[in-house]
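Comments concern the structure below.
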Amino acid sequence: LEYFNKRPADDCTIMAVTPTHFNTIAEGRSPVTAKDMVGVARAMDDPMFFVTHKDHPNQTIDAVIEASKKGPLNWAGGQILSTDHIAVDKFAKAAGIPYKYVPYGSAGPVVTDLLGKKVDLATLNVSEAAAQIEEGNFVPLVVLAKKRLKDFPNVPTAQEKGLDVLASTTRGYVVRKGTPPERIAALEKAMVKAMKHQVFAGYLKGAGLNPEDSVVGTKDWTAQLLELEAD
(Lines give C-alpha, C1' and ligand atoms only; values in the text may rest on other atoms or scores of the structure.)
Protein backbone atom coordinates (compact mmCIF):
# COMPACT_ATOMS: atom_id res chain seq x y z
CA LEU A 1 0.00 0.00 0.00
CA GLU A 2 2.90 2.36 0.77
CA TYR A 3 4.52 1.54 -2.56
CA PHE A 4 1.23 1.86 -4.42
CA ASN A 5 0.73 5.31 -2.90
CA LYS A 6 4.06 6.52 -4.30
CA ARG A 7 3.47 5.36 -7.85
CA PRO A 8 2.03 7.55 -10.63
CA ALA A 9 -1.55 7.07 -11.81
CA ASP A 10 -0.73 5.19 -14.97
CA ASP A 11 -1.18 1.60 -16.14
CA CYS A 12 2.36 0.53 -15.17
CA THR A 13 1.58 -0.26 -11.54
CA ILE A 14 -1.13 -2.81 -10.85
CA MET A 15 -1.77 -3.96 -7.28
CA ALA A 16 -3.26 -7.32 -6.31
CA VAL A 17 -5.62 -6.89 -3.35
CA THR A 18 -7.40 -9.16 -0.88
CA PRO A 19 -9.55 -8.40 2.20
CA THR A 20 -6.31 -8.14 4.23
CA HIS A 21 -5.56 -4.85 2.50
CA PHE A 22 -8.90 -3.46 3.59
CA ASN A 23 -8.43 -4.67 7.14
CA THR A 24 -5.17 -2.69 7.13
CA ILE A 25 -7.04 0.36 5.84
CA ALA A 26 -9.72 -0.06 8.53
CA GLU A 27 -7.00 -0.17 11.21
CA GLY A 28 -5.71 3.22 10.02
CA ARG A 29 -2.37 1.84 8.87
CA SER A 30 -2.63 2.67 5.18
CA PRO A 31 -1.85 5.92 3.32
CA VAL A 32 -4.57 5.10 0.77
CA THR A 33 -8.20 3.99 0.86
CA ALA A 34 -10.55 2.34 -1.59
CA LYS A 35 -11.41 5.79 -2.92
CA ASP A 36 -7.84 6.04 -4.21
CA MET A 37 -8.23 2.86 -6.27
CA VAL A 38 -10.03 1.80 -9.42
CA GLY A 39 -10.77 -1.87 -9.73
CA VAL A 40 -9.59 -3.41 -13.00
CA ALA A 41 -10.86 -6.97 -12.62
CA ARG A 42 -11.79 -9.42 -9.88
CA ALA A 43 -10.22 -12.84 -10.19
CA MET A 44 -12.02 -14.66 -7.40
CA ASP A 45 -14.97 -14.27 -5.08
CA ASP A 46 -14.88 -17.13 -2.57
CA PRO A 47 -17.90 -16.88 -0.24
CA MET A 48 -17.78 -17.93 3.40
CA PHE A 49 -19.55 -21.05 4.64
CA PHE A 50 -20.46 -21.72 8.24
CA VAL A 51 -20.05 -25.46 8.63
CA THR A 52 -20.29 -28.00 11.42
CA HIS A 53 -19.37 -31.64 11.93
CA LYS A 54 -21.81 -34.28 10.70
CA ASP A 55 -22.24 -35.50 14.31
CA HIS A 56 -22.87 -32.09 15.87
CA PRO A 57 -26.30 -31.77 17.51
CA ASN A 58 -27.12 -28.57 15.59
CA GLN A 59 -27.45 -29.43 11.90
CA THR A 60 -29.13 -26.24 10.64
CA ILE A 61 -28.30 -22.57 11.06
CA ASP A 62 -31.65 -22.09 12.82
CA ALA A 63 -30.66 -24.72 15.37
CA VAL A 64 -27.28 -23.03 15.85
CA ILE A 65 -28.95 -19.70 16.55
CA GLU A 66 -31.35 -21.24 19.06
CA ALA A 67 -28.56 -23.15 20.81
CA SER A 68 -26.41 -20.00 20.95
CA LYS A 69 -29.13 -18.15 22.82
CA LYS A 70 -28.62 -20.62 25.68
CA GLY A 71 -24.86 -20.18 25.66
CA PRO A 72 -22.10 -19.23 23.18
CA LEU A 73 -20.76 -21.87 20.81
CA ASN A 74 -17.14 -22.09 19.67
CA TRP A 75 -16.59 -20.72 16.14
CA ALA A 76 -13.22 -21.49 14.55
CA GLY A 77 -11.63 -19.37 11.84
CA GLY A 78 -8.64 -17.29 10.83
CA GLN A 79 -6.79 -14.83 13.01
CA ILE A 80 -8.48 -12.00 14.91
CA LEU A 81 -9.75 -9.27 12.53
CA SER A 82 -9.48 -11.68 9.61
CA THR A 83 -12.32 -11.98 7.11
CA ASP A 84 -13.44 -15.10 9.01
CA HIS A 85 -13.61 -13.28 12.33
CA ILE A 86 -15.43 -10.29 10.87
CA ALA A 87 -17.93 -12.65 9.20
CA VAL A 88 -18.74 -14.40 12.48
CA ASP A 89 -19.02 -11.10 14.35
CA LYS A 90 -21.35 -9.59 11.74
CA PHE A 91 -23.51 -12.70 11.69
CA ALA A 92 -23.69 -12.94 15.48
CA LYS A 93 -24.70 -9.30 15.80
CA ALA A 94 -27.35 -9.66 13.10
CA ALA A 95 -28.74 -12.78 14.78
CA GLY A 96 -28.47 -11.32 18.28
CA ILE A 97 -26.41 -14.19 19.67
CA PRO A 98 -23.18 -14.50 21.70
CA TYR A 99 -20.21 -16.48 20.42
CA LYS A 100 -16.71 -17.59 21.35
CA TYR A 101 -14.22 -17.10 18.55
CA VAL A 102 -11.26 -19.46 18.28
CA PRO A 103 -8.55 -18.01 15.97
CA TYR A 104 -6.15 -20.08 13.86
CA GLY A 105 -3.25 -19.17 11.61
CA SER A 106 -4.65 -20.93 8.56
CA ALA A 107 -7.54 -23.03 7.31
CA GLY A 108 -5.74 -26.36 7.67
CA PRO A 109 -5.84 -26.50 11.49
CA VAL A 110 -9.44 -25.24 11.43
CA VAL A 111 -10.46 -28.20 9.27
CA THR A 112 -8.45 -30.60 11.43
CA ASP A 113 -10.01 -29.44 14.70
CA LEU A 114 -13.54 -29.47 13.32
CA LEU A 115 -12.93 -33.01 12.08
CA GLY A 116 -11.75 -33.80 15.61
CA LYS A 117 -14.91 -32.19 17.07
CA LYS A 118 -12.82 -29.77 19.13
CA VAL A 119 -14.96 -26.81 18.02
CA ASP A 120 -18.66 -26.44 17.29
CA LEU A 121 -18.49 -24.54 14.02
CA ALA A 122 -15.99 -23.30 11.47
CA THR A 123 -15.88 -20.38 9.09
CA LEU A 124 -14.37 -21.55 5.82
CA ASN A 125 -14.30 -20.45 2.23
CA VAL A 126 -16.10 -22.65 -0.26
CA SER A 127 -12.73 -23.73 -1.65
CA GLU A 128 -11.57 -24.76 1.83
CA ALA A 129 -14.73 -26.62 2.84
CA ALA A 130 -15.85 -28.25 -0.41
CA ALA A 131 -13.84 -31.48 -0.11
CA GLN A 132 -15.02 -32.26 3.43
CA ILE A 133 -18.61 -31.41 2.50
CA GLU A 134 -18.48 -33.72 -0.50
CA GLU A 135 -17.05 -36.52 1.66
CA GLY A 136 -19.91 -36.06 4.11
CA ASN A 137 -17.76 -35.03 7.08
CA PHE A 138 -18.96 -31.42 7.25
CA VAL A 139 -22.49 -30.05 7.02
CA PRO A 140 -22.78 -26.59 5.43
CA LEU A 141 -25.24 -24.50 7.41
CA VAL A 142 -25.34 -21.21 5.54
CA VAL A 143 -23.42 -19.36 2.84
CA LEU A 144 -22.69 -15.65 3.17
CA ALA A 145 -23.31 -14.86 -0.50
CA LYS A 146 -26.00 -12.91 -2.34
CA LYS A 147 -27.45 -16.08 -3.84
CA ARG A 148 -27.19 -19.83 -3.39
CA LEU A 149 -24.18 -21.44 -5.00
CA LYS A 150 -24.62 -23.51 -8.12
CA ASP A 151 -22.72 -26.49 -6.66
CA PHE A 152 -24.49 -26.25 -3.28
CA PRO A 153 -28.11 -25.45 -4.15
CA ASN A 154 -29.50 -26.73 -0.84
CA VAL A 155 -27.41 -24.39 1.32
CA PRO A 156 -29.40 -21.24 2.20
CA THR A 157 -27.95 -17.76 2.25
CA ALA A 158 -27.95 -15.66 5.41
CA GLN A 159 -30.18 -13.15 3.63
CA GLU A 160 -32.80 -15.86 3.16
CA LYS A 161 -32.83 -16.14 6.95
CA GLY A 162 -33.45 -12.41 7.27
CA LEU A 163 -29.83 -11.64 8.18
CA ASP A 164 -28.16 -9.15 5.86
CA VAL A 165 -24.64 -10.59 6.12
CA LEU A 166 -22.24 -11.05 3.22
CA ALA A 167 -18.64 -12.21 3.47
CA SER A 168 -16.15 -13.65 1.02
CA THR A 169 -12.46 -13.81 0.29
CA THR A 170 -11.95 -11.72 -2.80
CA ARG A 171 -8.87 -11.37 -4.95
CA GLY A 172 -8.43 -8.91 -7.75
CA TYR A 173 -6.42 -6.11 -9.30
CA VAL A 174 -6.50 -2.33 -8.96
CA VAL A 175 -4.77 0.76 -10.32
CA ARG A 176 -4.47 4.27 -8.94
CA LYS A 177 -7.42 6.61 -9.30
CA GLY A 178 -6.66 8.99 -12.14
CA THR A 179 -5.30 6.31 -14.46
CA PRO A 180 -6.55 7.15 -17.99
CA PRO A 181 -9.90 5.42 -18.61
CA GLU A 182 -8.77 3.99 -21.94
CA ARG A 183 -5.83 2.27 -20.23
CA ILE A 184 -8.11 0.83 -17.53
CA ALA A 185 -10.45 -0.45 -20.25
CA ALA A 186 -7.56 -2.14 -22.08
CA LEU A 187 -6.34 -3.82 -18.89
CA GLU A 188 -9.87 -4.88 -17.97
CA LYS A 189 -10.46 -6.46 -21.39
CA ALA A 190 -7.20 -8.41 -21.27
CA MET A 191 -7.54 -9.57 -17.66
CA VAL A 192 -11.16 -10.69 -17.92
CA LYS A 193 -10.36 -12.57 -21.13
CA ALA A 194 -7.44 -14.32 -19.44
CA MET A 195 -9.44 -15.20 -16.34
CA LYS A 196 -12.19 -16.75 -18.43
CA HIS A 197 -9.69 -18.93 -20.27
CA GLN A 198 -10.24 -22.64 -19.67
CA VAL A 199 -7.07 -22.94 -17.57
CA PHE A 200 -8.05 -20.34 -14.97
CA ALA A 201 -11.72 -21.27 -15.23
CA GLY A 202 -10.73 -24.85 -14.49
CA TYR A 203 -8.82 -23.71 -11.42
CA LEU A 204 -11.89 -21.87 -10.11
CA LYS A 205 -14.17 -24.84 -10.80
CA GLY A 206 -11.72 -27.09 -8.97
CA ALA A 207 -12.08 -24.83 -5.95
CA GLY A 208 -15.87 -25.16 -6.06
CA LEU A 209 -16.39 -21.73 -7.63
CA ASN A 210 -18.27 -20.61 -10.72
CA PRO A 211 -16.08 -18.57 -13.14
CA GLU A 212 -19.13 -16.62 -14.29
CA ASP A 213 -19.76 -15.44 -10.73
CA SER A 214 -16.15 -14.94 -9.63
CA VAL A 215 -14.72 -12.96 -12.54
CA VAL A 216 -16.05 -9.42 -13.02
CA GLY A 217 -14.81 -6.23 -14.63
CA THR A 218 -14.06 -2.73 -13.45
CA LYS A 219 -17.58 -1.47 -12.69
CA ASP A 220 -18.64 -4.29 -10.34
CA TRP A 221 -15.19 -4.73 -8.82
CA THR A 222 -14.76 -1.02 -8.03
CA ALA A 223 -18.17 -0.99 -6.34
CA GLN A 224 -17.20 -4.03 -4.25
CA LEU A 225 -13.95 -2.38 -3.16
CA LEU A 226 -15.96 0.45 -1.61
CA GLU A 227 -18.21 -2.11 0.10
CA LEU A 228 -15.18 -3.92 1.52
CA GLU A 229 -13.88 -0.69 3.00
CA ALA A 230 -17.30 0.19 4.44
CA ASP A 231 -17.56 -3.24 6.13
Pairing a residue in the stretch 151-167 that is more than 19 Å from Pro211 (Cα to Cα) with any residue that is β-branched (Val, Ile, Thr) and assigned to a loop (DSSP other than H, G, I, E, B), where Cβ atoms lie under 8 Å and the two sit 6 or more apart in sequence or on different chains, gives Ala158/Val165; Gln159/Val165
Counting just the residues of the stretch 119-163 that are surrounded by fewer than 14 Cβ atoms within 10 Å (Cβ to Cβ) and more than 17 Å from the chain's Cα centre (by Cα), which one comes out nearest to Lys90 (Cα to Cα)?
-> Gly162
Which of the following residues is assigned to a loop (DSSP other than H, G, I, E, B), open to solvent by 20 Å² or more (accessible area, probe 1.4 Å) and of a type in the set (Asp, Glu): Asp89, Asp55?
-> Asp55
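Of the residues Val64, Val40, Val17, which single one is modelled with pLDDT of 95 or more, out of contact with any Asp or Glu (no Cβ under 7 Å at 6 or more places or on another chain) and under 30 Å from Glu212 (Cβ atoms)? Spell out the reasoning first.
Working: Val64 fails: under 30 Å from Glu212 (Cβ atoms); Val40 fails: out of contact with any Asp or Glu (no Cβ under 7 Å at 6 or more places or on another chain).
Every option except Val17 fails the conditions.
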Test for Asp46: is it open to solvent by 20 Å² or more (accessible area, probe 1.4 Å), closer than 25 Å to Ala190 by Cβ and acidic (Asp, Glu) = no
Considering (1) modelled with pLDDT of 95 or more; (2) in a strand (DSSP E or B); (3) under 28 Å from Ile14 (Cβ atoms), say which one Thr170 fails and leave the rest.
-> (1)
Working only within the stretch 105-118, note down all residues that are open to solvent by less than 60 Å² (accessible area, probe 1.4 Å) and assigned to a helix (DSSP H, G or I).
-> Ala107, Gly108, Pro109, Val110, Val111, Asp113, Leu114
Hits in the stretch 17-37 (condition: surrounded by fewer than 21 Cβ atoms within 10 Å (Cβ to Cβ) and not in a helix (DSSP H, G or I)) = Thr18, Glu27, Gly28, Arg29, Ser30, Pro31, Val32, Thr33
Look through Lys150, Lys189, Lys205 and report the one residue that is of a type outside the set (A, V, I, L, M, F, W, C) and modelled with pLDDT of 95 or more.
-> Lys189
For the stretch 201-218, enumerate the residues that are in contact with a strand residue (DSSP E or B) (Cβ under 8 Å, 6 or more places away or on another chain) and not small (Gly, Ala, Ser).
-> Leu204, Leu209, Asn210, Asp213, Val215, Val216, Thr218
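The values are calculated or read from the model by the stated rules, or taken from the named source; none is laboratory data. As the structure is a computational prediction, the values presented were derived from the model and not from experiment. With ideal geometry, Cβ positions are generated from the backbone for all residues, glycine too; neighbour counts draw on all protein chains shown. Remember, those area values only see protein heavy atoms, side chains included, never the ligands or the DNA or RNA. Shrake-Rupley method; radii C 1.70, N 1.55, O 1.52, S 1.80 Å.
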